[in-house]
Structures are given as structure tokens and as C-alpha cells.
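Okay, so here's the structure we're looking at.
What follows draws every value from the coordinates through simple rules; no lab data is involved. Please read these numbers as outputs of a predicted model, since none were measured by experiment. Positions of Cβ are generated from backbone atoms using ideal geometry, with glycine treated the same way; all protein chains shown enter the neighbour counts.
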Amino acid sequence: MRARCDLDLSFPYHTDGSPADRLERVAAYMRSAGLGAEAYLTGESVARLEARMAALFGKPAAVWFPSGTMAQGVAARLHCQAAGNARLGLHPTSHLALHEEDGHIHLHGLEPVSCGAWPRPLSADDLPADAGCTIIELPQRHNGGALPDWDALQAIKARARKTGQALHMDGARIWALPMAWPGHDLPEICDGFASVYASFYKDLGASGGAVLAGEADFVEEARLWLARMGGRLVSAWPMVPDALRVLDVRLPQIPLFVERARGIAMGVGDQPGLSITPNPPKVNMMHVRLDCDVATAEAARDAVAEATGVWLGNRFWHFGHDPVPALELCIGERAFQADIMRIVEAIRAMGAYVVAAQSTSG
């Protein structure tokens with residue numbers, strides 16, 4: 001059914017085409033940028049990418065990792081080790097708590113401490129009184145990209161300084177944060193965080209890879225753990241040149257994606273059977289929450305796909321903390337280039353299906 005739809009809004013969100021198409025784009029970029037053979041992450045493309053990320057985040061240094069799971073585990077390990085405290089503060093929606101098979105426990109020997117409440121962003125009062133490091137996800141994925149307000153973020157930083165714990169930013173989707181806090185650029189946002197992680201594939205659409213930025217000595221030690229964990233790849237391409245390529249292409253588009261997300265939410269308005277969180281969206285993502293069970297939500301998505309040719313997403317999040325299933329909608333090139341009313345009407349039709357299903361079952 002997804003393949004029959006002419007508008008597919010599921011991951012990947014951009015228009016790079018097939019894997020073979022992407023490789024051709026990377027090859028063209030490497031030729032134009034003068035990039036050639038490299039070995040064990042010591043070449044020009046890695047140096048350019050790491051220097052660019054350090055400058056973008058306002059940190060002294062940065063190191064490329066093949067995955068965010070590896071990068072964040074290393075960051076948590078190093079901060080807790082430096083503090084002599086293995087306790088790691090994690091929000092209940094943290095990627096480490098939900099999606100990494102407890103790697104921070106089994107690989108790094110850390111003791112997770114849950115802090116904060118599932119349905120809302122972390123606050124200063126939520127920070128553990130005793131932790132070597134606390135990880136804060138900005139924006140918070142499992143709340144649809146929710147964020148604390150600017151003053152609340154500054155209070156979190158102040159609380160961390162007072163308690164003597166390092167703050168690490170899970171900035172997997174960091175790129176849209178300046179749109180959420182107008183007047184504040186990435187270096188100001190990252191100030192107060194001992195380290196920052198960002199993904200190159202989630203919002204920017206690269207073929208993979210991540211970056212970890214922080215103080216120079218921290219980054220050098222992280223580089224050592226990159227090698228110990230098998231991350232020092234023999235070839236940097238296609239991931240590293242692809243990251244450089246998409247930074248040029250997509251960073252300028254991020255504000256447009258955020259505005260499109262807000263336009264979709266406004267167009268959906270007050271539709272029975274569903275809600276959008278947060279509303280308005282803070283970044284270029286949102287959750288469409290349906291007032292039903294997962295089976296009804298999937299049936300609603302499929303019926304809408306059949307009727308409209310719009311595939312809204314592959315799966316619905318439905319953790320035990322959430323009373324209703326949520327469809328994650330991320331805005332990239334495909335959603336931006338589409339007719340916004342097709343997306344709005346497809347979402348509204350999903351809510352109407354839910355209302356009709358409830359009426360029938362009643």
C-alpha cells in the first residue's frame with residue numbers, strides 16, 4: 001500500500017533517491033570538493049567535518065562516530081568517569097533508555113537514574129541531586145519534539161553547575177533548535193553542555209554517522225574509545241563526504257521545514273479523533289496522536305492511504321506511559337515540496353476515520 005502511494009512521508013524524508021542515486025551524488029560531491037582516498041578516519045573529509053561541527057556548536061573540538069549509540073555511550077562513560085560517579089540521569093523517553101538495549105549499563109557500567117516525567121520536557125527540578133552526568137534530549141522525540149522554554153533551559157544549566165554534574169545534549173535533531181528559540185544561535189544553545197551529540201542522518205538525511213563535540217581533552221579521549229569500540233573505520237566514505245554534502249544542501253532548508261510543520265498543524269486545527277503535540281510544533285517534527293487503539297490507528301492510516309495516495313508513516317509509537325498511539329511526522333524535502341493541503345486533509349481524514357470507528361463500535 002505504501003508503494004502505491006504517490007506521496008510517502010515516512011523515513012527517509014528527503015529526495016536523494018535510491019542508494020545507487022545517493023552514491024552518484026556523493027561521488028559528484030567528492031570530485032567537486034577535491035576529496036580522495038582516506039584511511040582510518042585520518043583524511044581531509046573527516047578533518048573538514050569535525051572542524052565545521054566544532055565551530056557550528058561553539059566547542060573547541062569534535063570527533064566523528066559511525067553511530068549516535070556509540071557516541072552517546074562514550075560521552076556518558078567519560079563524564080561519569082571524570083566525576084567518579086557512575087550514576088547517569090536519563091529522562092524516561094531517552095533514546096538510551098528505550099532503544100539501545102541498555103548499552104550504557106552493559107558496555108559502560110553506568111547506573112541509570114530516571115528523572116522527569118514522560119509527557120513533558122525535563123526541568124531544573126528534575127535533575128538528580130547525585131549524578132556524574134545527565135543527558136538531555138533537545139528536542140524530545142517521544143513528545144513530538146517538545147522543548148523547555150529558553151528560561152527553563154538556562155535554569156537546567158544553572159542547576160547542573162550547582163550540583164556539579166556534567167550535562168550532555170542528545171542533539172540528534174539539533175539543527176532546528178534556533179527556530180524554537182529565536183535570537184539564540186547554536187553556540188549559545190550548546191553553551192553549558194559539557195558535550196553535544198548530533199546525528200547526520202535523522203533530519204539532514206545523510207547515509208549515516210554522528211558527531212560528538214566538547215572540550216579538546218574530552219574529544220581526544222572519546223577518539224580513543226572510538227577505536228576501542230571498533231569505530232575507526234577503514235574508509236570514511238560514503239558517510240563522511242555525504243554528511244558534508246547534506247550540510248550544504250539541507251541546513252539552509254531547516255527553517256522552511258519548521259514553518260511547513262507549523263503550517264500543517266495550523267491547517268489540521270481542531271479535528272475530532274486526534275490531536276497534535278506539541279501544537280504549534282517547536283521544530284520540524286510533531287506527533288499526530290489518535291484517540292483509539294493501535295489496530296484502529298493502523299486501519300485509519302491504511303484507509304487514508306488508499307483514498308488519498310498519501311502515506312503518513314510506517315508505525316505508531318505506543319509505549320506503556322502513553323494512553324494513545326502517536327504517529328511521528330517529520331518534515332523534510334518530500335513534505336515541503338508536496339501540496340500542504342494534501343497532507344492536512346490526509347491527517348484530518350485519519351481523525352474522521354477514528355471518530356466513525358468509535359461510533360460504529362459504540
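When 1/r is averaged over all different Cα pairs and the result inverted, which Kirkwood radius in Å belongs to region 155-209?
12.3 Å
Dividing the Cα radius of gyration by the Kirkwood radius, what Rg/Rh value follows for region 1-95?
A ratio of 1.09.
Per residue and in Å³, how big is the convex hull formed by the alpha-carbon atoms of region 30-184? All intermediate terms of the calculation are to be shown ahead of the outcome.
Numbers: hull volume 21.9 nm³, N = 155.
Spread over its residues, the Cα hull of region 30-184 gives 141 Å³ apiece.
Figure the gain on full extension for SER123 and GLU306 (residue separation times 0.36 nm, minus the Cα-Cα span) and round it to one decimal in nm.
61.6 nm
Kindly work out what percent of the DSSP beta bridges joining two residues of the chain are antiparallel, to the nearest 5.
Around 55 percent antiparallel, to the nearest 5.
Starting from the Cα of ASP102, step 7 Å along the direction of its Cβ; do the same at PHE11; then give the gap between the two resulting points in nm.
Modelled inter-label distance: 2.4 nm.
Round to the nearest 0.05 the FRET efficiency obtained for ASP151 and THR360 when R0 = 51 Å and r is the Cβ-Cβ distance.
For ASP151 and THR360, the calculated efficiency is 0.60.
For region 132-231, what is the Kirkwood hydrodynamic radius in Å, using each pair of distinct C-alpha atoms?
Working: mean 1/r = 0.0689 Å⁻¹.
Roughly 14.5 Å, rounded to one decimal.
What net charge is computed for the residues neighbouring PHE65, neighbours being all others with C-beta under 11 Å from the C-beta of PHE65, Lys and Arg scored +1, Asp and Glu -1?
Within the 11 Å Cβ shell, the charges total +1.
Run the numbers for LEU23 and LEU251: contour at 0.36 nm per residue of separation, minus the present Cα-Cα distance, in nm.
Going from the current span to full extension adds 80.0 nm.
Quick one: how many lysine pairs does the chain have with C-alpha atoms less than 23 Å apart and a gap of 8 or more or different chains? Give me the count, please.
5
Hey, got the Cα dimensions of region 210-295 along the principal axes, in Å, largest first?
Computed over region 210-295, the largest-to-smallest principal extents equal 53, 32, 27 Å.
What translational D, rounded to a whole number of µm²/s, comes out for region 70-134 from Stokes-Einstein when the hydrodynamic radius is the Kirkwood one over Cα pairs, at 20 °C and 1.002 mPa s? List each step's numbers first, then the result.
Details: Rh = 11.8 Å.
Translational D for this selection: 182 µm²/s.
Name the residues of region 196-212 whose amide N is less than 18 Å from a point 7 angstrom out from the Cα of ALA82 along the C-beta direction?
196-198, 211-212
Expressed as a whole percent, how much of the Cα-Cα distance distribution for region 284-337 exceeds 12 Å?
67 percent
For n ≥ 4 DSSP H runs only, could you compute -39500 (n - 2.57) per run for the chain, divide by its residues and tell me the 222 nm figure to the nearest 500?
Roughly -13500 deg cm²/dmol at 222 nm, from the helical runs in the chain.
Counting only complete DSSP H runs, which helices of the chain cover 15 Å or more along their long axis at the Cα atoms and score a mean Kyte-Doolittle of 0.0 or above?
44-57, 68-83, 239-250, 254-268, 294-308, 340-361
Convert 4 °C to kelvin, take the viscosity as 1.567 mPa s, use the Kirkwood radius over C-alpha pairs of the chain as Rh, and evaluate the Stokes-Einstein diffusion coefficient in µm²/s, rounded to a whole number.
Diffusion coefficient, whole number: 61 µm²/s.
Go ahead and collect, in residue order, the members of region 33-62 whose backbone nitrogen is under 18 Å from a label point 7 Å along the Cα-Cβ direction of ASP217.
It comes to 59-62, nothing else.
Can you give me the Rg/Rh ratio for region 10-56, using Cα atoms for both radii and the Kirkwood formula for Rh?
Dividing the radius of gyration by the Kirkwood radius yields 1.05.
Report, largest value first, the span of the C-alpha coordinates of region 91-165 along each principal axis, in whole Å.
Rounded to whole Å, the extents work out to 36, 30, 15 Å.
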